[in-house]
Amino acid sequence: MERQCWWYLLVLSCLFQTLSAHSDFYTSIGHMTDLLYTEKDLVTSLKNYITAEENKLKQVKQWAEKLDVLSAIAMQDPEGFLGNPVNAFKLMKRLNTEWGDLESLVLKDTKDGFISNLTLQRQHFPTDEDQTGAAKALLRLQDTYRLDTNTISTGDLPGVTHKSPMTVEDCFELGKIAYSEVDYYHTELWMEQALKQLDEGEESTVDKVTVLDYLSYAIYQQGDLGRALELTKRLLMLDPEHQRANGNLKYFEFQLINQRKAQAQEAQKAREEGKEQRKRLTSDASKKKKRFREPVPERKMYEMLCRGEGIKLTPRRQRRLFCRYFDNHGHPKYLLSPVKQEDEWDRPYIVRYHDIISHGEIEKVKELAKPRLRRATISNPITGVLETAPYRISKSAWLTAYEHPMIDQINQRIEDLTGLEMDTAEELQVANYGVGGQYEPHFDFGRKDEPDAFKELGTGNRIATWLFYMSDVAAGGATVFPDVGAAVWPKKGTAVFWYNLFPSGEGDYSTRHAACPVLVGNKWVSNKWIHERGQEFRRPCGLNETNTAVDDRP
């Protein structure tokens, strides 16, 4: 038995040397798959320990069997399993919280080698930041895709193949994280869901008193005194001696009396000033009409596009979009085997190439990139320093042409189809999105207020963007352009291309775009940012500031 324990310690030590190179697990589904293997090894180690201590540790055995079933399902399709954001959140929660509870249980009875094994592994487990990040991702998905708590809790998400319901503890933990972020809106939603499941008879270590305590305070913070008071009274029926609830009861009653007095005074004042009030209502109605005609805010448009509620092109504009076999004006390589090209949008002109990267090439690119994936960064517009940001949830890696012949071939393919010089382009960037992975609206090119954006490269501004989709996404994950209402959906093996700059060198502000949160699935992309230098004769400069070049279209 002792030899077996040390063998597991040796194997897991090697495994975690690899895992320790990564952090921010929740920002990459690709890296999170490693955690499933880790958890599977933990279960195996745990079951071996149970064999020797079965009579003493019945509770631990039940725990292991539950996780063994879960691991077996997950390992059939690790990426697909973690494509469900609920599974991803629960994985973070298990490894960050519940395994620690198990350690305390085992320590009460024995100091066997299993504890040393688990203690060693926990050094490389996800952190509180990972668990909080996964929780915030679920809340972000809930808002962006307008999902109710019950839909998420029951696991009925669109495109899900590995359905996973949430327990009372899961809902409570999500509400508690929202509470710690002073997000009382989501605290209310998830504490209500936890209470609903408790009322329906679900067994849990979390009691109704604790849930009601959080829920009543969250509702009070949102200004609903009447409902906060009602929930506090319900809490006191369950626990009459609850000190905080008794204090809150008196405070809420006092505040409610004052609120009703103020409302009565306002009503009286309104009656006395009836005419003036009607004028104000007329004025307010007029303002509302004016507001209705105002442009939709970017955030709202972004979320609408992510849900597939985009602007529909007029028939006239639709008739300008075509599918074609494309050989880039008789390029020798594509004369006999032209590629399939489809117009996605007219202004800005966005084009998609179908079957442009093979499955084998995709797998090779992922294989090369995965060991190097690191949390994606953004350039601080003030300092120019690269830093992580909560609105970009992914990990990325850069692949150079000399690392593998296939990368050189891919770069050459982009050059042949766009007619643009690749020697001055940035390296191929590979990105894998995490739980609810997204990149909120941004520009790829440097604006006039960022004169030093790409100064260190010495290759000018980013003239164009080429984006490969290296996976299908079951739900969410579109590339959207909020200013114009365009949405491009991921399709494995395709690529989209657009110019960021007009021929004059001026930035095309309509290319502001975003990567929508991945609701279900695992999103892999790679992109090539093409720069100005070297394009002088390939895309000649235009004299009109915002005219599109004739050669930009087939």
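The values are calculated or read from the model by the stated rules, or taken from the named source; none is laboratory data. None of the values given here were measured: they were computed from a predicted structure. In this analysis, Cβ positions are derived from the backbone assuming ideal geometry, glycine residues included, and neighbour counts consider all displayed protein chains. Areas reflect the complete protein model, heavy atoms only, side chains present, ligands, DNA and RNA absent. Shrake-Rupley method; radii C 1.70, N 1.55, O 1.52, S 1.80 Å.
Quick look at the values:
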| quantity | calculated |
| --- | --- |
| Tabulated pairs, the range 56-80, first closer than 16 Å to THR44 by Cα, second of a type in the set (Ser, Thr, Tyr) and open to solvent by 20 Å² or more (accessible area, probe 1.4 Å), C-beta under 7 angstrom, 6+ apart or interchain | none |
| Residue among ASP449, ASP423 that is of a type outside the set (S, T, N, Q), assigned to a loop (DSSP other than H, G, I, E, B) and within 28 Å of GLU303 (Cα to Cα) | ASP449 |
| Any hit, the range 382-402, residues being out of contact with any strand residue (DSSP E or B) (no Cβ under 7 Å at 6 or more places or on another chain), closer than 21 Å to THR479 by Cβ and surrounded by fewer than 17 Cβ atoms within 10 Å (Cβ to Cβ) | yes |
| Helices (runs of 4 or more DSSP H) within the range 113-160 that include 1 or more residues among the charged types (D, E, K, R) | 113-122, 128-144 |
| Unique match (being within 22 Å of CYS171 (Cα to Cα) and in the same structural domain as LEU198 (by the TED database)) among LEU231, LEU236 | LEU231 |
| Residues of the range 145-167 satisfying the condition of being out of contact with any Leu (no Cβ under 8 Å at 6 or more places or on another chain) and over 20 Å from GLY80 (Cα atoms) | ARG146, ASP148, ASN150, THR167 |
| Index of the failed condition, TRP398 passing every other in (1) farther than 16 Å from VAL496 by Cβ; (2) not in a strand (DSSP E or B) | (2) |
| Unique match (being out of contact with any helix residue (DSSP H, G or I) (no Cβ under 7 Å at 6 or more places or on another chain) and of a type in the set (D, E, K, R)) among GLU103, GLU98 | GLU98 |
| The range 14-53: number of residues that are closer than 17 Å to LEU95 by Cα, modelled with pLDDT under 50 and part of a helix (DSSP H, G or I) | 3 |
| Residue check for LEU236: surrounded by 15 or more Cβ atoms within 10 Å (Cβ to Cβ), touching a strand residue (DSSP E or B) at 6+ places or on another chain (Cβ under 9 Å) and free of Cβ contacts under 8 Å to residues at least 40 places away in the same chain | no |
| Residue, nearest to LYS523 (Cα to Cα), within the range 72-119, restricted to residues that are among the acidic types (Asp, Glu) and modelled with pLDDT under 85 | ASP101 |
| Boolean, ARG244 is outside the structural domain of GLU98 (by the TED database) and farther than 22 Å from ASP183 by Cβ | no |
| Which listed residue, of ASN432, ASN461, ASN522, ASN500, is in the same structural domain as ILE407 (by the TED database), without any contact (Cβ under 8 Å) to a residue 60 or more places away in the chain, surrounded by 20 or more Cβ atoms within 10 Å (Cβ to Cβ) and not aromatic (Phe, Trp, Tyr) | ASN500 |
| Count of the range 464-481 residues which are at negative phi, under 18 Å from the mean Cα position of the chain (by Cα) and open to solvent by less than 30 Å² (accessible area, probe 1.4 Å) | 9 |
